[in-house]
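Following: one structure in structure tokens, then a few remarks.
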Amino acid sequence: MDFGNGGEHRHGRVLVVGGTHGNERNGLWLLDQWRQHPGQLNRHGLALELVVGNPAAAQDNRRYLERDLNRSFSPELLSDPNAQDYELRRARELLARHGPEGHDPCLVAIDLHSTTAAMGNSLVLYNRQPATLALAAVLQRRLGLPIYLHESDLQQSGYLAACWPCSLVIEVGPVAQGLVCGTICQQSQIAVETALEALSQARAGAIPLGSELVVHRHLRSIDLPRHDDGSPAALVHPRLQDRDWRPLGAGGPLFLAMDGRVTALIPEQGEASEHFWPVFINEAAYGEKGIALSLTRREVLPVTAGWAASLTALAKRLKRDLP
């Protein structure tokens, strides 16, 4: 996404969003906690904008009302005058207010999510913006977080975080939808505070990144086998369940049918038969999207000097949280 000249020169805050999905309650809990008790969050001197992504869905404890807000930020949808679903209007509102060129601009977006899958404390990136890669490299180096690089997926796009010049999705699980869990909140807060510390250090011109960034790059998503009427014909194989971020070779078990038949992983044309790394295995919210899991490939990206320079330049334009 093109952030324009205004996004390059204006000063702004760090946007922290919870409740992009209204039934992911842990981010909402943290926002309430930090608003009521600001001292509970170490902001590292940075000015923050704490925002509920989908307040109407959050009020109803639903993922969304009319369409997934976290698939509503594609330029085509945003520019379509006939697209007036609640979530699309909310996406336009968020960008008009807090986008890089908005009325109250933010230059960094941290989007808090939770998942029913056994993802642990992890990061999701939607592009290779240099400042984003730099910030992710710091969190991986300091916290050891695995990174899902979700790019080039024609079926899944329009993510909130992709609209800012530096962004992270903090994804923590497993936790049930609608449930607040202390461990999930703690892990989310640790990642937020580490990101804010890194931004503050980059603002001061001192941000060591290390030499490499390990990512799991999205290849494709796989649905359950289904009957003609669309109902599931198998379930996620017990040997695969809860094994997010663990290697799975060609021929490994994916699904188990009632009669005991096993669906095995078969690489598609152009995919090497080496190990794949599944993520978001059996995520409850993805059933409606026809996704039982996503396959990734582990890749090592060399850190470049341009990453640090980009993050430093952006961080120097962040507003301070003055007492």
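The values are calculated or read from the model by the stated rules, or taken from the named source; none is laboratory data. Bear in mind that the values here come from a model prediction, so they are computed numbers and not experimental data. Note: ideal-geometry Cβ built from the backbone for every residue, glycine included; neighbour counts use all protein chains shown.
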Would you point out which residue out of 314, 295 is of a type in the set (A, V, I, L, M), closer than 17 Å to residue 240 by Cα and either in a helix (DSSP H, G or I) or not assigned by TED's automatic domain parsing to the domain that holds residue 136 (or both)?
-> 295
Under 9 Å by Cβ, and 6 or more places apart or on different chains, what pairs join a residue from region 294-323 that is surrounded by 19 or more Cβ atoms within 10 Å (Cβ to Cβ) and at pLDDT below 95 with one that is of a type in the set (Val, Ile, Thr) and not in a helix (DSSP H, G or I)?
-> none
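Go over the candidates 102, 53, 39 one by one and state the one that is free of Cβ contacts under 8 Å to residues at least 24 places away in the same chain and in contact with a helix residue (DSSP H, G or I) (Cβ under 7 Å, 6 or more places away or on another chain). If you could, list the steps in order and put the result at the bottom.
Values: 53 fails: free of Cβ contacts under 8 Å to residues at least 24 places away in the same chain; 39 fails: in contact with a helix residue (DSSP H, G or I) (Cβ under 7 Å, 6 or more places away or on another chain).
None of the other options fit; the residue is 102.
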Matching residues in region 192-217 - criterion: being within 26 Å of residue 276 (Cα to Cα) and either over 18 Å from the mean Cα position of the chain (by Cα) or among the hydrophobic types (A, V, I, L, M, F, W, C) (or both) = 210, 211, 212, 213, 214, 215
Kindly indicate whether any position in region 226-235 is loosely packed, with under 14 Cβ neighbours inside 10 Å and under 27 Å from residue 120 (Cα atoms).
-> no
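Do you know which residues across region 98-146 are small (Gly, Ala, Ser), crowded, with 21+ Cβ neighbours inside 10 Å and in contact with a Leu (Cβ under 7 Å, 6 or more places away or on another chain)?
In the first step, residues of region 98-146 are kept if they are small (Gly, Ala, Ser); the result is 99, 102, 109, 114, 117-118, 120, 122, 131, 134, 136-137, 144.
Pick out the ones that are also crowded, with 21+ Cβ neighbours inside 10 Å and you get 99, 109, 114, 117, 122, 131, 134, 136-137.
Answer for region 98-146, where residues must be small (Gly, Ala, Ser), crowded, with 21+ Cβ neighbours inside 10 Å and in contact with a Leu (Cβ under 7 Å, 6 or more places away or on another chain): 109, 122, 131, 134, 136, 137.
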Of the conditions (1) within 26 Å of the chain's Cα centre (by Cα); (2) part of a loop (DSSP other than H, G, I, E, B), the single one that residue 277 does not satisfy is (2)
Residue that is hydroxyl-bearing (Ser, Thr, Tyr), assigned by TED's automatic domain parsing to the domain that holds residue 181 and within 19 Å of residue 125 (Cβ to Cβ), where the choices are 74, 79 = 74
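Search region 43-79 for residues being polar (S, T, N, Q) and assigned to a loop (DSSP other than H, G, I, E, B), and hand back the single one that is surrounded by the most Cβ atoms within 10 Å (Cβ to Cβ).
Taking region 43-79 and keeping what is polar (S, T, N, Q), we get 54, 59, 61, 70, 72, 74, 79.
Restricting the remaining residues to those that are assigned to a loop (DSSP other than H, G, I, E, B) gives 54, 61, 72, 74, 79.
Numbers: 54: 31, 61: 13, 72: 26, 74: 17, 79: 9.
Checked region 43-79; the qualifying residue surrounded by the most Cβ atoms within 10 Å (Cβ to Cβ) is 54.
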Index of the failed condition, residue 207 passing every other in (1) outside the structural domain of residue 285 (by TED's automatic domain parsing); (2) touching a residue at least 12 places away in the same chain (Cβ under 8 Å); (3) within 27 Å of residue 26 (Cβ to Cβ) = (3)
Would you say residue 243 is more than 14 Å from residue 220 (Cα to Cα), basic (Lys, Arg) and under 20 Å from the mean Cα position of the chain (by Cα)?
-> yes
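When the residues of region 169-198 are narrowed to those that are among the small types (Gly, Ala, Ser) and more than 16 Å from residue 135 (Cα to Cα), which ends up surrounded by the fewest Cβ atoms within 10 Å (Cβ to Cβ)?
Step one: filter region 169-198 for residues among the small types (Gly, Ala, Ser), giving 173, 176, 178, 182, 188, 191, 195, 198.
From what is left, the residues that are more than 16 Å from residue 135 (Cα to Cα) are 173, 176, 178, 182.
Details: 173: 23, 176: 13, 178: 12, 182: 9.
Top of the filtered list is 182.
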Condition set among the charged types (D, E, K, R) and touching a strand residue (DSSP E or B) at 6+ places or on another chain (Cβ under 9 Å), scope region 281-293, selection surrounded by the most Cβ atoms within 10 Å (Cβ to Cβ): answer is 283
Reported set for region 137-161 where residues are closer than 21 Å to residue 28 by Cα and not hydroxyl-bearing (Ser, Thr, Tyr) is 160, 161
